[in-house]
Amino acid sequence: MVRGAARKKDLFWPVVLLAFAVVAGVACAGLTLVSEFDRAAARREQSVVANGIRGRMNEVAHLTDLEVVWDDAVRHLDNRFDADWARDNIGTFLWQNSRFEDSFILAADDHPIFAAYRGHAADAGLYTLFADGAPSLVAAVRREEARRGAAAARPRLGELVTDPNTASALAAVKGAIFILSATAVESDFGKAVLRGRRAPVVVTAMPLDRRFIEGFAQRFLLDDVHLHTGSQAARQGMGYVDFHNDRGQYVATLTWAPQTPGRTLLRRMGVPALCVLMGLSACIVWLYARARQAARELVASEARATHLAYHDGLTGLPNRALFQDRLGHALKQLPRTGGALAVYCLDLDRFKAINDTHGHHVGDELIQKAGRIMASLCRAQDTVARLSGDEFAIIMSPATAAAAVNLAARLTEALRAPIALQVGSVFIGCSVGVTIVSDAGLGAADVLRQADLALYCSKEAARGQFCFFQPEMDVAVQMRRALEADLRAALAEGTLWMAYQPQVNNRTGLTGVEALMRWRHPGRGDISPAVFVPVAEECGLIVELGMYALRRAFEDSRRWKSLRIAVNISAKQLRMKNFVSQVMGLVSEMGVDPRRFELEITEGILLGDDPDTHAMLCALREHGFELAFDDFGTGYSSLSYLRRYPINRVKIDQSFTANLGVSDDAEAFIVAIVRLARALGLSVIAEGVETVAQQQRLMAAGCTDMQGYLFSRPVPAAEIDRLWAEPRRTILAA
């Protein structure tokens, strides 16, 4: 027995040494793989970033094309130099739209004749600051200009320039790094011709400032990005790319925190290595390890349960319960600290549109990214919470008015920038409501309500802004609630009435009317639809209001045989599953002909190309209703909707009509709409016609159907009776 025990003891150390050797071998192999993977990832990132910088420089160089490769640019910068035009279209436009801090115009002899700094005209001597880098770019443009020869200087009429003569490079100017670009002035459609073989050259300078670097980092998903000038010492332990000017001279280094896939692999290899080690361990430790593991899992399970009870499962941020608990605690501390705290309510502005368009998985990713952005802008002692959906809240404690304003501004600015998602970059923005509290007597619910009221006012004023709570906001809410109650009563009592604005044809006179809801409040007088329609949408009355309008329009239509009546339809009505059956029930009840009615819809109803909406519109067409596309031309995808949906007529938005005679683009756009509609077999009507000049321009564009104050304001049905009874039934103005 002693010898057996001795043999077992003799075997113990060899086994231990073998286990150690195996573990050491696995560790060495793992560390080698970790290092190699990390080095390969660093090389790949370096290549991607270097290519990204070159691509970004090329993008920046072409940001000036619209203003420089332009017939007007040839006329105002070469044929004759117009300093005011240069200031507005080169200096101011390039600063406001593309953030070119400096811009210069060089004459054919390459001497500066115009300079602008941040959108304002400056002394042409400012060009000397960029003399180290700009001349070589201008020389490159001149070489390309000489290569292209006279054909480029005198393009054929109507031939669009597709390859602008441009060059770009990096340059260091007074300790800052700029992307310099030089672009030759050219005609875009050949309607203007250069005076000589050498064109003026526009030179621009965009700084690689914090905004540029942050945008680049978000685009390429880089962390801890910094730009170092004059030193390469910052490379240690960081991913980096050295920047050189067009002569190969070092100007700066871009560094970032590199990805470490090798370390991730090491973490995954840790479990098998631990299993090998445990397999070689003594059997007497097994029960201890099991007991300890069970205890550890129990503690972890309790910790996870506690965490889930007080944190949002999607973002990991505190949830409403933890937020209210911390807010209550912070309010209790106010008497002791004698300070103040700030509470923020935030709402992502375009979240619903992105979520509906791209799906819930993209919406979840957007919520996570937005939560991380908010948390990164707050201090460690502040609380950032997700209350529900796309609603977030923040507690800043302690807080001052200046600090509260600063954080609100940084939040709106950060969320206004593009957010990179798997489907690409999206733009959302956020609205922020803030309340500053120094009164410990307020409860958490009251404080949160104040911040929510401020958020409501922020969204009402303009999305993407912040607003601080004021006591007057409570009064405004009470007035809105009173208006809601009065609107409910008006609908129940039938005191709302319909006005009708005539629609005329320049050849045949009165052809139809548009039904418009009106409300004369017994105490407040006439209330605009711009006031009570949003109230109806918010309080859920818009569907009832829409059916009320249809009923009144159907009823009044029986007074005017064969006159077409246009009625607006809201998005919420079309989302009703039984909307078509309700409308047809009303048609049967009132005994009207659907073919006499035109239902006006806006692009917002069609957003997302919902198949149910498409089917409902087709059903309405089959029952005889005509469909008109209201506010046509103001959306981003109106043309595609004309092909996919059963539209009969497009309605030119009044914003284009108002610009007739003011902007050439408006008249060109109207001509394009009329031609497109004719090609698709649709009719066109223009709204907002107020002057004879507008009427004549519309007629010249081929649009003969119109409505507006030039012909008549919206009037009661009795006035339409009079107009319809006239023999010629005409109210033409010219």
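Restrict the check to region 354-361 and report whether at least one residue is assigned to a helix (DSSP H, G or I), modelled with pLDDT under 90 and closer than 16 Å to ARG463 by Cβ. Yes, region 354-361 contains at least one residue that is assigned to a helix (DSSP H, G or I), modelled with pLDDT under 90 and closer than 16 Å to ARG463 by Cβ. Annotation: LEU620 fulfils all but one of (1) within 24 Å of LEU510 (Cα to Cα); (2) surrounded by 17 or more Cβ atoms within 10 Å (Cβ to Cβ); (3) modelled with pLDDT of 90 or more; (4) not hydroxyl-bearing (Ser, Thr, Tyr); the unmet one is (1).
Considering the conditions (1) among the polar types (S, T, N, Q); (2) buried (at least 16 other Cβ atoms within 10 Å of the Cβ); (3) without any contact (Cβ under 8 Å) to a residue 40 or more places away in the chain, SER103 is excluded by exactly one of them, (3). Being out of contact with any strand residue (DSSP E or B) (no Cβ under 8 Å at 6 or more places or on another chain), within 30 Å of LYS369 (Cβ to Cβ) and either of a type outside the set (A, V, I, L, M) or modelled with pLDDT under 80 (or both) is a property that holds for GLY237. THR264 meets all of the listed conditions (1) at pLDDT 75 or above; (2) under 36 Å from the mean Cα position of the chain (by Cα) but one, namely (1). Considering region 33-123, the qualifying strands (runs of 3 or more DSSP E), each wholly inside and each with 1 or more residues that are touching an Asp or Glu at 6+ places or on another chain (Cβ under 7 Å), run over 112-117. Do you know which residues across region 705-723 are of a type in the set (A, V, I, L, M, F, W, C), closer than 12 Å to GLY688 by Cα and outside any strand (DSSP E or B)? Correct list: LEU710, PHE711. Which residue pairs have Cβ atoms under 6 Å apart, sit 6 or more places apart or on different chains, and have a first residue in region 71-87 that is closer than 15 Å to VAL201 by Cβ and a second that is modelled with pLDDT under 90 and among the hydroxyl-bearing types (Ser, Thr, Tyr)? Sorted first by the residue in region 71-87, then by its partner, the pairs are VAL74/SER187. Cβ-Cβ distances below 8 Å connect the following pairs, each with a first residue in region 397-422 that is under 19 Å from LEU331 (Cβ atoms), a second residue that is of a type in the set (Ser, Thr, Tyr) and exposed (fewer than 15 other Cβ atoms within 10 Å of the Cβ), and a separation of six or more residues or different chains: PRO398/THR337.
Do we find that SER438 is polar (S, T, N, Q) and more than 22 Å from SER376 (Cα to Cα) in this structure? Working first, answer last.
Numbers: polar (S, T, N, Q): yes; more than 22 Å from SER376 (Cα to Cα): yes.
Yes, satisfied.
Counting only residues that are modelled with pLDDT of 80 or more and part of a loop (DSSP other than H, G, I, E, B), which one in region 453-480 is nearest to LEU348 (Cα to Cα)? Result: GLN465. All conditions but one from (1) in a helix (DSSP H, G or I); (2) free of Cβ contacts under 8 Å to residues at least 24 places away in the same chain; (3) closer than 23 Å to THR435 by Cβ apply to ALA380; the one that does not is (1).
Which of the residues spanning region 194-213 are buried (at least 16 other Cβ atoms within 10 Å of the Cβ) and within 16 Å of ASN79 (Cβ to Cβ)?
LEU194, ARG198, ALA199, PRO200, VAL201, VAL202
Scanning region 404-444 for residues that are under 19 Å from GLN470 (Cβ atoms) and assigned to a helix (DSSP H, G or I), we see that the one that is nearest to the chain's Cα centre (by Cα) is THR412. For region 672-681, the candidate set comprises residues that are out of contact with any helix residue (DSSP H, G or I) (no Cβ under 6 Å at 6 or more places or on another chain) and surrounded by 18 or more Cβ atoms within 10 Å (Cβ to Cβ); within that set, the residue that is nearest to THR511 (Cα to Cα) is ALA677.
Listed here are the residues, each with its yes/no results for (1) touching a residue at least 24 places away in the same chain (Cβ under 8 Å); (2) within 21 Å of LEU455 (Cα to Cα); (3) among the aromatic types (Phe, Trp, Tyr).
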{"position": "ASP325", "(1), (2), (3)": "no, no, no"}
{"position": "CYS345", "(1), (2), (3)": "yes, yes, no"}
{"position": "THR357", "(1), (2), (3)": "yes, no, no"}
{"position": "VAL362", "(1), (2), (3)": "yes, no, no"}
{"position": "GLU365", "(1), (2), (3)": "yes, no, no"}
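Would you confirm whether any residue within region 635-642 is among the hydroxyl-bearing types (Ser, Thr, Tyr) and closer than 18 Å to GLY509 by Cα? No - not one qualifying residue is present in region 635-642. Within region 291-315, if we keep just the residues that are free of Cβ contacts under 8 Å to residues at least 12 places away in the same chain and among the small types (Gly, Ala, Ser), the residue that is farthest from GLN450 (Cα to Cα) turns out to be ALA291.
The values are calculated or read from the model by the stated rules, or taken from the named source; none is laboratory data. No experiment lies behind these values; they were computed from the predicted model shown. Because the Cβ atoms are built from the backbone with ideal geometry, glycine has one as well, and the counts that use them run over all protein chains shown.
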